[in-house]
Amino acid sequence: MADKRRRGDQLENTIYETTLRILERDGYNKTSFAQIAREAKTSRTVLYRRWDSVFELFHDAITANEFSEPPYDIAINTGSLRSDLIALGHYYENYGSHVNNEFVRASVQEFSQGSLLAKRLMSQVRRSNLATMAKISNHAIENQELDQAPSEQVQLLLFEILRYHSILVNNATGPDIPTLVDEIILPAFYAGGKL
């Protein structure tokens, strides 16, 4: 009996799973539509009809499988600014995976080449990061640890350092979060958040 032709969600899920498996195994720079089509047992035409680039397919696959940037509607309120920042750092660090790190590297590469999707994603990540830090800053103001929220530059610092380690340092352990918070992030928050 002949194989039934896959369509719709079944085909899409197969393509997404295949894309993530190849990216984890081979990395973004070694992934092509031809390879994805071959391993997903479909045609390149199917891929080209839906996605303009491997990066767009990667984005959809990672989003569909919830491996993208951590969800930022998380509620971190431990009772102190220091503990909130440490908890957020650990959450962000633990949420990552090789696939997520590969996606961040691919986004940076695509961003540097002018990809509009990458620019849009970077903008969304920035807004999400700031929304999370606004919650943490507001808790610190309520707890009278800060008089005001520090600058956006300071609020983004923890995320930027962790992304730097993910992209460029790429070691298994990452930075020591409590030390990072105590020596860099918290002093910056206090300098920018006190009147």
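Between residue 39 and residue 90, what's the calculated FRET efficiency when r is the beta-carbon distance and R0 is 45 Å? Round to 0.05. The partial results should precede the final answer.
Working: r = 35 Å, r/R0 = 0.78.
Once the sixth-power term is evaluated, E becomes 0.80.
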How many nm separate the modelled label positions at residue 113 and residue 168, each set 7 Å beyond the Cα in the direction of the Cβ?
2.2 nm
Quickly work out the residue 64-to-residue 127 label distance, labels modelled 7 Å from Cα along the C-beta direction, and quote it in nm with one decimal.
2.4 nm
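FYI, it's all coordinate maths here, none of it is from the lab. Bear in mind that the values here come from a model prediction, so they are computed numbers and not experimental data. For neighbour counting, all protein chains shown are included, and Cβ atoms are generated from backbone atoms with ideal geometry for every residue, glycine included.
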